[in-house]
Every structure is written in C-alpha cells, then in structure tokens.
Amino acid sequence: MVSPYLPFLAALPITKPIPGDSPIENCDITTHQSLKLRSVDLSPNPPERGANLTITATGWLDDDIVDGAYVDVVVNYGYIRLISQTYDLCEQLPNVDMTCPIERGDYKLTKEVEIPGEVPPGQYTVFARAYNANDEMITCLTGSVNFEALI
C-alpha cells in the first residue's frame with residue numbers, strides 16, 4: 001500500500017546538517033552544488049532579540065560566481081510566508097563585504113548583523129537557493145530559529 005503522505009514527503013527538501021554551531025543545513029543535497037560548506041557557526045546560537053549575531057562560514061567554491069547569479073529566498077513565520085523573492089546575488093554581495101566576480105577557491109566569511117529587539121515570538125524558517133548565471137546551483141541552505149515569547 002502506498003502512503004497517502006508520499007506526495008507531501010516527496011516535496012520536502014532533502015537536508016544534511018552543516019558542521020558547526022548553527023541550525024543551518026544544506027538542502028537539495030541530491031543536486032550538485034558548487035559551494036561545499038565545511039562549517040557554519042552562529043554566535044550566539046540560538047540568535048537573541050536585540051543582540052548582534054556573528055555568522056562565520058568556511059567552504060570551497062568549485063566554480064566562479066559572475067554577474068547574472070541569483071538567489072531565491074523564502075522566509076516563513078510559522079505557516080505564514082513573509083518573503084518569497086529573487087535577488088541578484090552580485091548586488092547582495094557587498095552586504096558581506098564581497099563583490100562579483102568571485103573566483104573558485106577556499107573562503108572564510110564572517111559577518112555581524114543586528115537582530116532587532118522587536119522580533120515577534122515564533123518560528124522563522126529560511127530557504128535560500130543560489131544559482132549561477134547558467135542556472136547551475138551554487139548552494140541550497142535552510143534553517144529555523146524560534147524566538148520565545150517574552151514574559
């Protein structure tokens with residue numbers, strides 16, 4: 001007997017934890033990805049409202065990233081979709097102190113961001129799928145963070 005849940009389960013991305021101290025996982029792992037992340041660390045983990053979050057990632061990039069690369073981002077708050085947007089990856093790279101083109105090679109990235117104190121309580125889930133100009137996948141990342149209710 002075939003499970004009635006099979007169509008739903010087939011739609012879920014296949015993920016694998018990335019080494020390090022973070023909730024971030026590599027998704028769509030059956031698809032070739034040119035970015036091989038060795039570690040991702042968040043400090044603090046889990047992120048806290050009103051505090052700075054430091055993200056450190058290390059990895060190897062197999063292929064150059066050039067103009068025309070893009071990233072599809074989906075952010076959910078519980079079951080509510082907050083964002084579903086495609087961004088020009090090269091336009092976003094200055095946010096992490098990088099610019100296109102990015103040559104293949106070994107990389108370490110550290111970025112500090114502020115988490116607003118007004119973040120509503122609940123679970124936030126992010127899916128980000130980045131592609132090169134020729135539509136080959138650079139990476140697929142997903143992660144969830146739960147902000148507890150303030151008492």
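The values are calculated or read from the model by the stated rules, or taken from the named source; none is laboratory data. Keep in mind the model is a prediction, meaning the values are calculated, not measured. Glycine gets a Cβ as well: all are built from the backbone with ideal geometry, and neighbour counts include every protein chain shown. Please note that ligands, DNA and RNA were not included when accessible areas were found on the heavy atoms of the full protein model with its side chains. Shrake-Rupley method; radii C 1.70, N 1.55, O 1.52, S 1.80 Å.
All other residues with a Cβ under 11 Å from the Cβ of F127 taken together, and with Lys, Arg as +1 and Asp, Glu as -1, what is their net charge?
Working: positive: R81, R129; negative: E25, D28, D72.
So the surrounding residues net to -1.
Find how much the distance from N52 to I29 grows on full extension, using 0.36 nm per residue of separation minus their present alpha carbon separation; answer in nm with one decimal.
Working: separation 23, 0.36 × 23 = 8.28 nm, distance 3.03 nm.
Taking N52 through I29 to full extension adds about 5.2 nm, to one decimal.
Ignoring any ligand, DNA or RNA, what whole percent of the accessible area of the stretch 19-63 comes from carbon and sulfur when the probe is 1.4 angstrom? Don't jump to the answer; show the numbers that get you there.
Values: 1170 of 2180 Å².
Here it works out to 54 percent.
Roughly how many Å² is the accessible area per residue of the stretch 16-147, as a whole number, for a 1.4 Å probe?
Numbers: 7530 Å² over 132 residues.
The answer is 57 Å² per residue.
Evaluate the distance, in nm, between pseudo-label points positioned 7 Å from the Cα of L109 and of Q85 along their respective Cα→Cβ axes.
That separation, rounded to one decimal, is 1.7 nm.
If you roll a 1.4 Å probe over the stretch 98-151 with all protein chains in place, what percent of the accessible area is carbon or sulfur? Display every interim value, and only then the final one.
Working: 1840 of 3390 Å².
Roughly 54 percent of what the probe reaches on the stretch 98-151 is carbon or sulfur.
Roughly how many nanometres apart are two label points built 7 Å out from the Cα toward the Cβ at V66 and D97?
Spacing of the two 7 Å Cα→Cβ label points: 2.8 nm.
Please name which of T15, A128, I102 has its Cα lying farthest along the dipole of the chain towards the positive end, using unit charges on Cβ (Lys, Arg +1; Asp, Glu -1) and the Cα centre as origin.
It is T15.
Between A133 and I14, what is the FRET efficiency for a Förster distance of 25 Å, r being their Cβ-Cβ separation, to the nearest 0.05?
Values: r = 25 Å, r/R0 = 1.02.
The value I calculate is 0.45.
How much net charge surrounds T15 when only the other residues with a Cβ under 11 Å from the Cβ of T15 are counted, with Lys and Arg +1 and Asp and Glu -1?
On the way: positive: K16; negative: E25, D28.
Charge balance in the 11 Å sphere: -1.
Once every DSSP H run of n ≥ 4 in the chain is given -39500 (n - 2.57) and the sum is divided by its residues, what mean residue ellipticity at 222 nm do you get, rounded to the nearest 500 deg cm²/dmol? Intermediate results must be reported in sequence, preceding the final value.
Working: 2 runs with 10 residues, N = 151.
Theoretical 222 nm ellipticity from helices: -1500 deg cm²/dmol.
Take the alpha-carbon centre of the stretch 84-151, take the same for the stretch 42-60, and report the distance between them in whole Å.
12
Which values of log₁₀ I(q)/I(0), to two decimal places, follow from the Debye formula for the stretch 16-147 at q = 0.22 Å⁻¹ with a uniform point scatterer at every Cα?
-1.60
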